[in-house]
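A short worksheet on the structure shown next.
Nothing in this text is a laboratory measurement; each read-out follows from the coordinates by a stated rule. Everything numeric here is computed off the predicted structure, so don't read it as measured data. Cβ sites come from the backbone with ideal geometry, for glycine too, and all protein chains shown count toward neighbours.
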Amino acid sequence: MKLLRESHTKRDSHGWLRKYYFFLCPSCKNEVIRPFSHGNRDKSCGCARYDHGHGHARKKGGRSRLYKTWEGVIQRGTNPNSHNWYSRGIRVCEEWKDFIVFKDWALANGYSNNLYIDRIDNNGNYEPSNCRFISHAQNSRNSRIVKLDWPKIWIIRGLYSSGISTKKRIADIFNVTVRNISYIVNYRTWNK
């Protein structure tokens, strides 16, 4: 890495005073702070740790969660042999077929490791104007196989709290498991 300038001095875990410096990572072009010996020795800030001489892993994002998200989007929208292939004509926009472009969009639009990509219009394509990042709970509720929605949740809670029906009977009515009903009436799920 290329030495840029001095940063600060502090004690390490052994009590020795060490000088820290700003280095420029040649792979991602970010400035990083390292002790002089580490900055001179390291070839990158860590962004290239998956680049085992192949070149493609670092450029495409390695094994990051965001890269796996992008791979899933590409598979669902472009590969008819994928088990997640959308036969309804849902596709991926041309610009997102490049991981770096997708990554830049994701980071600018609130991506974090605990969020999932979601299409605002379920029949629309994977493109910047139709995608966002949402929590796991929201993502689960948006699934095409979800059988419940908020009006049904209120009915379930009303039926159970009034004593009109049992969990088993409510589960049969809504075609879900007794465990789901139990979670709903005890506010362990659908509580937002």
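Descriptive notes on the structure:
- All-pairs alpha carbon distance profile, the stretch 2-49, 10 Å steps from 0, percent: 30, 49, 20, 1
- Surrounding net charge for Glu31, when Lys and Arg each add one and Asp and Glu each subtract one, Cβ distance under 14 Å: +2
- Net lengthening on full extension, Thr189/Ser129 (0.36 nm per residue, minus Cα-Cα): 18.6 nm
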